[in-house]
1. Can you tell me which residues in the stretch 206-249 are free of Cβ contacts under 8 Å to residues at least 12 places away in the same chain and not in a loop (DSSP other than H, G, I, E, B)?
2. Mind telling me which of the residues 189, 164 ends up being touching a strand residue (DSSP E or B) at 6+ places or on another chain (Cβ under 8 Å) and of a type in the set (A, V, I, L, M, F, W, C)?
3. Residues in the stretch 119-129: is at least one more than 26 Å from residue 214 (Cβ to Cβ) and in a loop (DSSP other than H, G, I, E, B)?
4. Against the conditions (1) among the β-branched types (Val, Ile, Thr); (2) in contact with a Ser or Thr (Cβ under 7 Å, 6 or more places away or on another chain); (3) buried (at least 23 other Cβ atoms within 10 Å of the Cβ), where does residue 292 fall short? Just the number, please.
5. Tell me whether the stretch 192-205 contains one or more residues that are buried (at least 20 other Cβ atoms within 10 Å of the Cβ), among the small types (Gly, Ala, Ser) and touching a Cys at 6+ places or on another chain (Cβ under 6 Å).
6. Hey, can you tell me all the residues within the stretch 161-205 that are among the small types (Gly, Ala, Ser) and touching a residue at least 12 places away in the same chain (Cβ under 8 Å)?
7. Taking residue 144, is it assigned by TED's automatic domain parsing to the domain that holds residue 290, touching a Ser or Thr at 6+ places or on another chain (Cβ under 7 Å), surrounded by 22 or more Cβ atoms within 10 Å (Cβ to Cβ) and part of a helix (DSSP H, G or I)?
8. Can you tell me how many residues in the stretch 161-205 are under 26 Å from residue 149 (Cα atoms), of a type in the set (A, V, I, L, M) and either outside the structural domain of residue 150 (by TED's automatic domain parsing) or outside any helix (DSSP H, G or I) (or both)?
Amino acid sequence: MTTQDDVLGYFDTLSNWGRWGDDDQRGTLNHITDDVRLAAARTVRHGRSVSCGWEVAVPQEMERSTTTCPCAAEMPGAEHMPAHFHADRRWGFSSERLSLTFHGNSITHLDSPCHLYWDGRMYNGRPHTLVDPRTGSAWGTVTAAADGIVTRGVLLDVAATRGVSWLEPGEAVHPADLEAAERRQGVQVRPGDAVLLRTGYGRFRHEQGYAWSVTQAGWHASCLPWLHERGVAVIGADTPQDVQPSGYDQVLMPVHAVGLVAMGLWLVDNCDLEACAATAAELGQWDFQFTVAPIRFAGTSGSPVNPIATF
């Protein structure tokens, strides 16, 4: 059993502070070298591409303000356009202003290191005071991944390995589960990989619909040393990552807290891994090129994303 003292100790024993320099904001993305990206490209053997993200519902998860103009000459500001513009009445347009809160349990999104603090500190020891309510964070933001995340992805289908449709809420995934999935699938996690954990919650959500809950399946804190030792660059899951409840009253979300703050580990929360798992099983291939291109929102702690697996 991994005790609470063990988990609290992870903030020191698994720390990457200073590992890539005192000014590093990329954290575990440093594991993704040019050679790792080239190796990821070589996993593309079928040319099949699938999304690992959920469609964002409107208006339940997003505020929408839509403008439609059947004729562009009637668009706002058209009065400032040249005279010939007003004579062209063949083309029109629609435009939206959208607003959403992407952190949470439903929208697929990327967490950058400044998303969480521990004892008032962010990744690499920076104080939480670097986050300004008006201008955002000056440290560890999503723009540290502005060039995109392109690496080898590995799907570990723990639900299938256990022979169930999905893990029940509150069921934890341990390192033994990860290694059992590796053996079943004939794949091994390597440095620089993005590891995607399938608990089967995506199937549950497709069949029974989304419903918010404080209880969920996910990574147990004991997986953190395993991820650290393997040199994993990114983790994703079809849940918000941490098993809930975590089992520790002082560390409610250890995968988020230790991962983001101590390790600088980037997280892709709330993936939809059903198409990825079906494609992997059909092709007999459990590794692929994994691509995440966050929106370059200045000063933000993450971004909604549509991760892509290319086989």
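The values are calculated or read from the model by the stated rules, or taken from the named source; none is laboratory data. The shown structure was predicted, so the numbers you read here are calculated from the model rather than taken from an experiment. Every residue, glycine as well, gets a Cβ built from its backbone with ideal geometry; the counts of neighbours run over all protein chains shown.
1. Selection gives 207, 208, 229.
2. On inspection, the qualifying residue turns out to be 189.
3. yes
4. It fails just one condition, (2).
5. Taking the stretch 192-205 as the starting set, the residues that turn out to be buried (at least 20 other Cβ atoms within 10 Å of the Cβ) are 192-202, 204.
Next cut, among the small types (Gly, Ala, Ser) only: 192, 194, 200, 202.
From what is left, the residues that are touching a Cys at 6+ places or on another chain (Cβ under 6 Å) are none.
Looking through the stretch 192-205, none of the residues is buried (at least 20 other Cβ atoms within 10 Å of the Cβ), among the small types (Gly, Ala, Ser) and touching a Cys at 6+ places or on another chain (Cβ under 6 Å).
6. 165, 170, 172, 180, 181, 186, 192, 194, 200, 202
7. No.
8. Qualifying residue count for the region: 7.
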